[in-house]
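The structure appears below as structure tokens.
The values are calculated or read from the model by the stated rules, or taken from the named source; none is laboratory data. Keep in mind that this is a model prediction, so the values were computed, not measured. No Cβ is skipped: glycine too gets one built from the backbone with ideal geometry, and neighbour counts run over all protein chains shown. Heavy atoms of the whole protein, side chains included, go into the accessibility calculation; ligands, DNA and RNA do not. Shrake-Rupley method; radii C 1.70, N 1.55, O 1.52, S 1.80 Å.
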Amino acid sequence: MQPLEPVSKTRFVLPPPPLQRYLTTYYFTEIESPDGSEISDMLLPQWASIRFIYRGSVDMKVPDHKPQPSPLAAMTGPTSLAAPISCKSAKIAAFGLLPLGWHKFVGQPASRWANKVIDVETAHKFDLFAEIWDAIRNLETEAEMIDTFNHMLLEALEPSDAEDDRIEAAHLALTDPQIDSVGALCERLDMDTKQLSRFSNRVFGFLPKLLLRRQRFVRTLGQALMNPSQSWSECVDLNYYDQAHFNRDFKRFMGLTPRQYMAQPHPIFGIGASERTKALGRPLQAMDRPIDPNGSDNSNAA
């Protein structure tokens, strides 16, 4: 990968414990082109996230669309494709939603919003996030924004129920390297194929086969990002048959080959991934896991 230019910085802050079942992390990104030219990068496949652009603007390309300005308050549904972005100058406050957070704070079928960017100011089904945007858009400091996030999200939080536990169990299984097939996932969750497909589309946004494939890819890419001195072959997940198998997945999710990706500079995401690893131990949002109630595993394990 080409050296990163110091044109962006990102800081990560964990939400308070009552919100950690639902959110990945708060993060604050500043992007500033030193010469006024466009800075380009790619967002990788991940769970849903909400971004509030309170200074400047960002262009983003979603599937089947040309690059266009992102809404200032933008919800991105769960994604299975990389999204090119570009920017000259921006300040962004954001947080990621775990699948349980999507269920709790959005409550819409995730498949309806997968690989889409939504303007929460015009989509009434996302009123909570429009209200948060109204509350933070004129604040001056990150600390004030964090306090507002905490207050409004905690106020919107409803009591846990049986569905919460089932979603977390499914999320934990999806991110378990030992679960390498839809059949194994059905067995772990005690569902038949049709039940699992309906549940998966509603909660995670995609069918189980694609989700397992995405998680396998994310594990490999995460290992490569955490170990830049290693070759791809040293990082490839054990559930891949061979390097060619991984290359096909890379092309499917990223739209280019591993060699092409690593040859490009990544002055926004690359720096963010590095800082995320330092702060949380994981470079990618999709590597976050729920706490395993039957073991010592926690969200720091990928």
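Placing unit charges on the Cβ atoms only, positive for Lys and Arg and negative for Asp and Glu, gives the chain a dipole magnitude near 960 debye about its Cα centre. Of Ala173, Ala114, Ala263, the residue with the greatest mean-square motion in the GNM of the chain, using alpha carbon springs below 10 Å, is Ala263. Using a cut-off of 22 Å between alpha-carbon atoms, which lysines can reach Lys91, once sequence neighbours fewer than 8 places away in the same chain are excluded? The reachable lysines, counting only those whose Cα sits under 22 Å from Lys91, are Lys9, Lys61, Lys116, Lys278. Other residues whose C-beta falls under 9 angstrom from the C-beta of Lys88 contribute a net charge of -2, scoring Lys and Arg +1 and Asp and Glu -1.
Rounded to the nearest 500, the helix-only mean residue ellipticity at 222 nm of the chain stands at -12000 deg cm²/dmol, with each DSSP H run of n ≥ 4 adding -39,500 (n - 2.57). The 1.4 Å probe gives accessible areas that order His103, His124, His65, largest first, as His124, His65, His103.
For Asp164, Asp134, write out the residues from largest to smallest accessible area, computed with a 1.4 angstrom probe and no ligands counted.
Values: Asp164 0, Asp134 95 Å².
My answer, sorted largest first, is Asp134, Asp164.
Summing Lys and Arg as +1 and Asp and Glu as -1 over all other residues whose Cβ lies under 13 Å from the Cβ of Val120 gives a net charge of -1. Of the solvent-accessible surface of the stretch 226-277, computed with a 1.4 Å probe and all protein chains present, 53% belongs to carbon and sulfur. Here is the size of the chain from its Cα atoms: Rg then Dmax, 18.5, 57 Å.
Residues considered: Asp249, Asp237, Asp161. Largest GNM mean-square fluctuation over the chain, using C-alpha springs under 10 Å, is found at Asp161. Under a 10 Å cutoff between Cα atoms, tell me which one of Ser80, Ser233, Ser197 has the largest fluctuation in the Gaussian network model of the chain. Greatest mean-square fluctuation among the candidates belongs to Ser233.
With every protein chain kept in the model, how would you rank Arg11, Arg252 by accessible area, 1.4 Å probe, largest at the top?
Numbers: Arg11 115, Arg252 80 Å².
So, going from the largest accessible area down, we get Arg11, Arg252.
Each Lys or Arg adds one and each Asp or Glu takes one away; over the other residues whose Cβ falls under 10 Å from the Cβ of Ile53, this sums to +4.
Whole number please: convex hull volume per residue, Cα atoms of the stretch 176-302, in Å³. Please list the in-between numbers first.
On the way: hull volume 16.1 nm³, N = 127.
Considering the Cα atoms of the stretch 176-302, their hull volume per residue is 127 Å³.
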